[in-house]
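A.B. asks: Below: one structure in C-alpha cells.
Computed from the coordinates by the stated procedures, all read-outs in this text should not be read as laboratory data. Just so we're clear, the structure is a prediction, and the values are computed from it rather than from any experiment. Virtual Cβ from ideal backbone geometry, glycine too; neighbours counted across all protein chains shown.
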Amino acid sequence: MHGAGDWSRALAAADLPPVILLAGDELLVLEAADAARARARALGYSERTRFDVEAGFDWDDLARAGAGLSLFATRRLIDLRVPTGKPGKDGAEAIVAWCAAPPPDTVLLISSQDWSRKHEAAWSQAIERGGIAVHLQAPRAQELPNWLGQRLAARGLSAEMEALDWLAARTEGNLLAGAQEIDKLALLLDAGTRLDRETLEQLVSDSARYDAFQLIDAVLAGAAPRALHILAGLRAEGEEVLPLLGLLNLQLGIAARLAAARDVDAAIRAEHLWQARAAQFKRALARAPQARFWQRALVWAGRIERMVKGRETGDPWREFERLLVVLMQPRAAAALA
C-alpha cells in the first residue's frame, strides 16, 4: 500500500490512475476522496456514479456501470464506497475483473474507512497492479500535536507547542474532533493569530455550552444525572445523534478490547490512552467488566445508527439515551450482561 506522499504525487499527475483505493482513518479518507473528486472534475470527469456497498449490494451494478456508455460526458468517475473494507467474494471478483479490463475514460474510486493487513487480498493487490492503493494512517499519539499544528497553519493560524499538546489530549486522537475544533477557531480568529494554551482553552470552552467530550467523560464516570443533562443540552442546541454516536462508538470499541484483554494495563498502552482517560475506562470496567457487555452495547449502537439512517424503525434519541443509562448504571447494565 502507498502512503500519503505517493497519493499527493498521484493527484498532481497529468491524469488520475484508472483505479484508486483510499483506506484508513475516516477523516483522512473523506478528505482524500474529496480531493480525488475535485481533481477528477478539473480533468473533465464530469459524470459521477455513486455506489454504497451494504448488505445485499448487487455487484452486477458495478459491472453494468463499467460496460454502459456515458450519456452525458466522455469521462466518468465511479465512486464506490466500501466502509468495512470487505467487499466479500462477489465484490472481490468484481473488482479484480474491473482491474483486469478497466473501461476507457473511467476512474473507479474505492474508499474504505477500515483497513489493516487482514484486509489485504487479491482484489486490493489487483488495484495496486492497475492503479494505486493508499493507506491513510492516523498520526500516532506523539505525532498528533504536530498534525494539529499543520492543520492550524493551513487555516492561517499557529499555536505554541503547549497549546497543541493540550488540544491533542482533549481530542484524544480523534482527528475529526480535532479538525472540527480548528475549523471553529478559524471562524473566530483573524489570520496570523498565534495561540497560547490559556487562550486556546478559553476559546474551545466558549465555543459551545455543552460538549460531546464532556458527555463521554460523564458516561465513563457513571455520572448519570450530569450525562443526561449534557445530552439534553446538546439536543437543544441542535446537535445530531450520529456524531455523538460515532464518538461513543470509539469508546465502546476501546472498552470491549480492554475488557477482553488478559493484561488491561498492556491493552491500555496499546490503545495509546491518556492517563486521565485510562482511569475513566478502569472505572467503567469496574462497573461492567464483561467484554460481552461492551460488545452488546456496540450492537445496540449499530441499531441506533440504522434508525438515524431510516433503515430501522425507532426513535434514535430515545434509544441513545437508554443506551447511555445502561452504560452508567450497574443495575441497568444487567440488561446487556
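A.B. asks: Between GLU93 and ALA38, what is 0.36 nm times their sequence separation minus the Cα-Cα distance? Round to one decimal in nm.
C.D. replies: 16.9 nm
A.B. asks: What length, rounded to one decimal in nm, is gained on full extension from GLU240 through to ASN146, with 0.36 nm per residue of separation minus their alpha-carbon distance?
C.D. replies: Result: 30.9 nm gained on full extension.
A.B. asks: So which trypsin sites (Lys or Arg not before Pro) in segment 110-164 are both in a DSSP loop and have at most 11 other Cβ atoms within 10 Å of their Cβ?
C.D. replies: ARG140
A.B. asks: I want to verify the translational diffusion coefficient of segment 141-206 in µm²/s; compute it with Stokes-Einstein, Rh as the Kirkwood radius over Cα pairs, at 25 °C and 0.890 mPa s.
C.D. replies: The Stokes-Einstein estimate is 216 µm²/s.
A.B. asks: Working from the alpha-carbon coordinates of segment 1-158, get Rg over Rh, Rh being the Kirkwood radius.
C.D. replies: 0.99
A.B. asks: For HIS2 and GLU160 in one chain, what is 0.36 nm times their gap in residues minus the Cα-Cα distance, to one decimal in nm?
C.D. replies: This chain segment gains 53.7 nm when fully extended.
A.B. asks: Also, quick follow-up: Would segment 199-325 count as rounded, prolate or oblate if I go by the C-alpha gyration tensor, calling it rounded below 1.5 in a/c and otherwise prolate when a/b exceeds b/c, oblate otherwise?
C.D. replies: Note, shape of segment 199-325 comes out oblate.
A.B. asks: Place a point 7 Å from Cα of ALA63 in the direction of its Cβ. Which residues in segment 70-111 have their backbone N less than 15 Å from it?
C.D. replies: 89-103
A.B. asks: Still on this structure, please answer the following. Would you mind checking the tilt of helix 144-154 against the longest principal axis of the Cα atoms of the chain, expressed as 0 to 90 degrees and rounded to 10?
C.D. replies: Orientation of helix 144-154: about 60 degrees from the principal axis.
A.B. asks: Using only the alpha-carbon atoms, how far is helix 161-171 inclined from the longest principal axis of the chain? Give it as 0 to 90 degrees, nearest 10.
C.D. replies: 90
A.B. asks: Still on this structure, please answer the following. Hey, what angle do you get for helix 212-221 against the long axis of the chain, alpha-carbon based, 0 to 90 degrees rounded to 10?
C.D. replies: Relative to the chain, helix 212-221 is tipped by roughly 50 degrees.
A.B. asks: Something else about it: I'd like to know how the chain sits against the 2.2 N^0.38 Å rule of thumb: what's its Cα Rg over that expected value?
C.D. replies: 1.10
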